[in-house]
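Before any comments, here is the structure.
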Amino acid sequence: MLAALKSTGATRVLDLGCGEGRLLQALLKEKQFSEIVGMDVSHRALAIAHDRLHYDRLPPVQKARLRFLHGSLIYRDQRFAGFDAAAVVEVIEHLDAARLAAFERVLFECLKPKHIVITTPNREYNVKWETLPAGKFRHRDHRFEWTRAEFQEWANRVAARFGYNDRFLPVGPEDAVVGSPTQIGIFERK
Ligand code: SAH
């Protein structure tokens, strides 16, 4: 994830649906990123991220690189326009069909960063977890979990519609049959 973002050469990055700030913490350690914005619809998640990164005690130089903004991925919001890259990590599977459609337009049509990195669970991998009953999702709040083919089909359609190229990477241990637990799509604006 971090490697994918670094390889885009981005310096100003968004973490959309940043949750409790795991990725933000990693981004802050990388000098490449001069402006980092964590956004989430959950005030609680933002408060946890804020504490986790000890935001109030960060040295001024570090603090100047990081901002938290409350917002939603399903509404157009110019505060998030003009960035080099956006990460959307384990978020899309929380959106129902109508919200996912709104999200596509907000991110790829309105904000349109040069690079977009999206991760989502690979449903095929679920059989590797003995504790997960067959046919069940990994989290109660997931609206869907896609196979690799389903994710790539969605990504290809979105990329074609909004003028991006896309490619895919596995994340985590890779199984010859079912792939890896998480799948990443990397989009680059043409
Ligand atoms: N990216 C984080 C969190 C993933 S959990 C990580 O990888 O750890 C999913 C997150 O998406 C939650 O924090 C949830 O509040 C956020 N989310 C769900 N719907 C959203 C929306 N419409 N806009 C912004 N964030 C949203």
The set of residues whose placed amide H lies less than 5 Å from the amide H of Ala87, leaving out same-chain residues fewer than 5 positions away, is Leu14, Asp15, Leu16, Val117
Quick check on the chain: helices-only [θ] at 222 nm, where DSSP H runs of length 4 and up contribute -39,500 (n - 2.57) each and the sum goes over total residues. Nearest 500, please. -7500 deg cm²/dmol
Return the whole-Å distance between the Cα centroid of region 141-182 and the Cα centroid of region 5-20. 19 Å
In sequence order, calculated HN-Hα J values of region 26-41 (Karplus, 6.51, -1.76, 1.60; Hz; x Gly/Pro): 5, 5, 4, 6, 9, 4, 3, 8, 8, 9, 10, 10, x, 10, 7, 7
Amide H to amide H, which residues 5 or more places from Trp146 or on other chains are under 5 Å from it, using H placed in the peptide plane? Arg123
For a quick check: sort Tyr125, Tyr75 by the number of other beta carbons within 10 angstrom, fewest at the front. Tyr75, Tyr125
Here region 170-183 yields Karplus 3J(HN,Hα) values (6.51, -1.76, 1.60; θ = phi - 60°; whole Hz; Gly and Pro given as x) of x, 10, x, x, 9, 9, 4, 8, 9, x, 10, x, 10, 10
Karplus couplings for region 48-61 from phi (6.51 cos²θ - 1.76 cosθ + 1.60, θ = phi - 60°), rounded to Hz, Gly and Pro as x? 5, 4, 4, 5, 4, 8, 6, 3, 5, 9, 5, x, x, 5
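So for Val91, Val13, Val177, fewest C-beta neighbours within 10 Å to most, what's the order?
Listing Val91, Val13, Val177 from fewest to most nearby Cβ atoms yields Val177, Val91, Val13.
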Trypsin sites (Lys or Arg not before Pro) restricted to DSSP loop in region 75-116 with at most 14 other C-beta within 10 Å: Arg76
Fewest to most Cβ atoms within 10 Å: Thr8, Thr131, Thr120 sort as Thr131, Thr8, Thr120
Which of the GluC sites (Glu not before Pro) across region 144-174 are loop residues per DSSP, with 12 or fewer other Cβ within 10 Å? Glu174
Global geometry of the chain, whether rounded, prolate or oblate, following the gyration tensor of its Cα atoms and the 1.5 cut on a/c: prolate
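Quick note: the coordinates plus some simple rules give every number you see, no bench work behind them. These figures come from a predicted structure and were not determined experimentally. Glycine also receives a Cβ, built like all others from the backbone with ideal geometry; neighbour counts cover every protein chain displayed.
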